[in-house]
1. Considering only residues that are polar (S, T, N, Q) and surrounded by fewer than 15 Cβ atoms within 10 Å (Cβ to Cβ), look in the stretch 109-147 and name the one that is farthest from T73 (Cα to Cα).
2. Would you check if L137 is outside any loop (DSSP other than H, G, I, E, B) and either within 29 Å of K53 (Cβ to Cβ) or among the β-branched types (V, I, T) (or both)?
3. Only one residue in I34, I4 is at pLDDT below 65, assigned to a helix (DSSP H, G or I), loosely packed, with under 10 Cβ neighbours inside 10 Å and of a type in the set (V, I, T). Which one?
4. Modelled with pLDDT under 95, assigned to a strand (DSSP E or B) and of a type in the set (S, T, N, Q): does that describe N246?
5. Of all residues in the stretch 182-216, which are aromatic (F, W, Y) and assigned to a helix (DSSP H, G or I)?
6. Is it the case that Y106 is under 20 Å from N213 (Cβ atoms), modelled with pLDDT of 85 or more and open to solvent by 40 Å² or more (accessible area, probe 1.4 Å)?
7. Would you check if Y163 is open to solvent by 10 Å² or more (accessible area, probe 1.4 Å), touching a Gly at 6+ places or on another chain (Cβ under 9 Å) and of a type in the set (F, W, Y)?
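The values are calculated or read from the model by the stated rules, or taken from the named source; none is laboratory data. Keep in mind it's a predicted model, so treat the numbers as computed, not measured. All Cβ positions, even for glycine, are placed from backbone atoms using ideal geometry, and neighbour counts span all protein chains on display. With ligands, DNA and RNA removed, areas are computed over all heavy atoms of the protein, side chains included. Shrake-Rupley method; radii C 1.70, N 1.55, O 1.52, S 1.80 Å.
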Amino acid sequence: MSFIKKKNKKFLKLYIIILVILLIVLFVFLGKYIYNSFKKYYVLESRFEELEKAKEKDNDKFHTIGWLKIQGTNIDFPILKGVSENVDSPVELESFGWVYGFDEEYHNVMNIYGHNVFNLGPSPKLKSDNFKRFEELMNFIYYDFAKDNKYIQLTINGKEYIYKIFSVSILYAGDVVLFPKDEYTVSEKDKYLKQLQKNNLYKYNLDINKDDNIITVTTCTKFFGTDSYRNILVSGRLLRDGEKLNDYSVKKDSNYKKVEEILKGDDGNEEIGSA
């Protein structure tokens, strides 16, 4: 009998140890779940100070109107506007974007442009010491990167605006320049959104409507070949009142198949990104 009791005590002790381990594992997973539920997926870091410093370099050709920051990239630059349509990009600066509208107001669709000098080909690099412009916008070609980075921040007119990315598309440059330069009418905005969604490389679990304010960040690319001039556009919609800075899912769209072919080494130049 004493042998059986000792054996039972041994099993009871083992059972308690296993139970304690399971409870610890459960509490760890539960703690992570609670933490992830309450943490912000994107943390707003004010760029007011950087914006004011950038304005000190303004001259009779360019004015600094805002600041752009894109999650996961080194794009954390001032946004400039020329004082006239005939002014070229400032050669004295490297890291900047620009707008074509010739006022300093916030618009219902903000189109921001930047140079891509060193990341034009069919195998975009994620990082390089040479990337001082908008080269890292090409990172959104990669699905894993797009899954992890979904926010754009714009500082302008004394406010911080946060956008959730809903589209990554590649369009012919000739189509892009047809977009309005500042405020969009309802019909122009509807046509614009439909074109972005038609050419979207991904399916974001994010709803868009005609009342949403939109930002699009654009640079040139030769990803689909050197025979035509195209732009990559990363677009987001403004965070709505009461909406959280949370994560949301993204899947590959059928348009992404051609991207995968090129990344695997198929350098064909199939038509994609048309109007």
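1. Just the residues of the stretch 109-147 that are polar (S, T, N, Q), to begin with: 111, 116, 119, 123, 128, 130, 139.
Next cut, surrounded by fewer than 15 Cβ atoms within 10 Å (Cβ to Cβ) only: 123, 128, 130.
Details: S123: 17, S128: 11, N130: 13 Å.
Checked the stretch 109-147; the qualifying residue farthest from T73 (Cα to Cα) is S123.
2. Details: outside any loop (DSSP other than H, G, I, E, B): yes; either within 29 Å of K53 (Cβ to Cβ) or among the β-branched types (V, I, T) (or both): yes.
Considered against the rule, which asks whether it is outside any loop (DSSP other than H, G, I, E, B) and either within 29 Å of K53 (Cβ to Cβ) or among the β-branched types (V, I, T) (or both), L137 comes out as yes.
3. I4
4. no
5. So in the stretch 182-216, the residues aromatic (F, W, Y) come out as 184, 192, 202, 204.
Residue satisfying the conditions is Y192 alone.
6. Values: under 20 Å from N213 (Cβ atoms): yes; modelled with pLDDT of 85 or more: yes; open to solvent by 40 Å² or more (accessible area, probe 1.4 Å): yes.
Spelling it out, Y106 is indeed under 20 Å from N213 (Cβ atoms), modelled with pLDDT of 85 or more and open to solvent by 40 Å² or more (accessible area, probe 1.4 Å).
7. Working: open to solvent by 10 Å² or more (accessible area, probe 1.4 Å): no; touching a Gly at 6+ places or on another chain (Cβ under 9 Å): yes; of a type in the set (F, W, Y): yes.
Considered against the rule, which asks whether it is open to solvent by 10 Å² or more (accessible area, probe 1.4 Å), touching a Gly at 6+ places or on another chain (Cβ under 9 Å) and of a type in the set (F, W, Y), Y163 comes out as no.
Residues are listed down the side, and each one gets a yes or a no for (1) over 22 Å from N108 (Cβ atoms); (2) among the polar types (S, T, N, Q); (3) touching a strand residue (DSSP E or B) at 6+ places or on another chain (Cβ under 7 Å); (4) open to solvent by less than 40 Å² (accessible area, probe 1.4 Å):
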position	(1), (2), (3), (4)
G174	yes, no, no, no
E188	no, no, no, no
I208	no, no, yes, no
D212	no, no, yes, yes
K222	yes, no, no, no
G225	yes, no, no, yes
V234	no, no, yes, yes
V250	yes, no, yes, yes
K257	yes, no, no, no
